[in-house]
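Reading through the structure tokens given below for one structure.
The values are calculated or read from the model by the stated rules, or taken from the named source; none is laboratory data. Computed from a predicted structure; not experimentally measured. Reconstructed Cβ throughout: ideal geometry from the backbone, glycine too, with neighbour counts over all protein chains shown. For the accessible areas, the whole protein counts, side chains as well, though only heavy atoms, and no ligand, DNA or RNA atoms are used. Shrake-Rupley method; radii C 1.70, N 1.55, O 1.52, S 1.80 Å.
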Amino acid sequence: MNRLLNEKGIQLNYGTRMRTFGNAVTSYNMSKRVDTITVKSNKKAQVIAQAIVDKKTTRMASMIKIIHRSHEKYRAHLPETSLYFSVSDDCISCGICKRVCPAKNITIEDGKPEFAGQCESCTACIQHCPKPPINYKDKTQSRRRLLASRSRA
């Protein structure tokens, strides 16, 4: 992001950490505390927004390097991600997965989602599905998901 901004003549001047709930359902089960964490992160977001309005600055160089290194490792595996999705017969053909996919990676064929090769591993398709038919490497079928976590609150 910093490189893209620099190409446009814009400098990134402020950055900070903000804890949000983890949604990487392909790697771990979601927290049971999604709502509590969301309330706290919303408060932090207000503080961050005010800092930006006030034109506060932070030292960005080291933060950018750390983020860049971890992001590059993550991005290296994205092209193959789509190969590992499967859809069970529980799919109700609602199309929500297609609508929430920011990469436009999902098409609906014969009423079921089909995954192309441009997945960003955001897990929006899994998180927003009203049923649990979308599965990643047989890891996510029994894990908590965003809709399930919110419905219990």
Residues of the stretch 107-122 with amide N under 11 Å of the 7 Å Cα→Cβ point at Cys94: none
Heavy-atom accessible area ranking, 1.4 Å probe, most first, across Met30, Met18: Met18, Met30
For the stretch 133-145, what does the Karplus curve 6.51 cos²θ - 1.76 cosθ + 1.60, with θ = phi - 60°, yield as ³J(HN,Hα) per residue in whole Hz, taken in order and with x for Gly and Pro? x, 7, 10, 10, 6, 6, 9, 9, 4, 9, 8, 4, 10
With DNA, RNA and ligands ignored, accessible area of Leu146 (1.4 Å probe; Å², nearest 10): 30 Å²
Compare Asp138, Asp35 by solvent-accessible area with a 1.4 Å probe and give them largest first, with all protein chains kept in place. Asp138, Asp35
Extension gain, Arg144 back to Ile52 (0.36 nm per residue minus Cα-Cα distance, nm): 29.7 nm
Give me the extension gain from Ile10 to Glu109: residue separation times 0.36 nm, minus the current Cα-Cα distance, reported in nm with one decimal. 31.4 nm
Could you name the lysines in cross-link range of Lys104, using Cα to Cα under 24 Å and dropping any fewer than eight places away on the same chain? Lys73, Lys112, Lys131, Lys137, Lys139
Most to least accessible of Ile126, Ile92, Ile108 (protein chains only, probe 1.4 Å): Ile92, Ile108, Ile126
Cys119 accessible area, 1.4 Å probe, all protein chains in place, Å² to nearest 10: 20 Å²
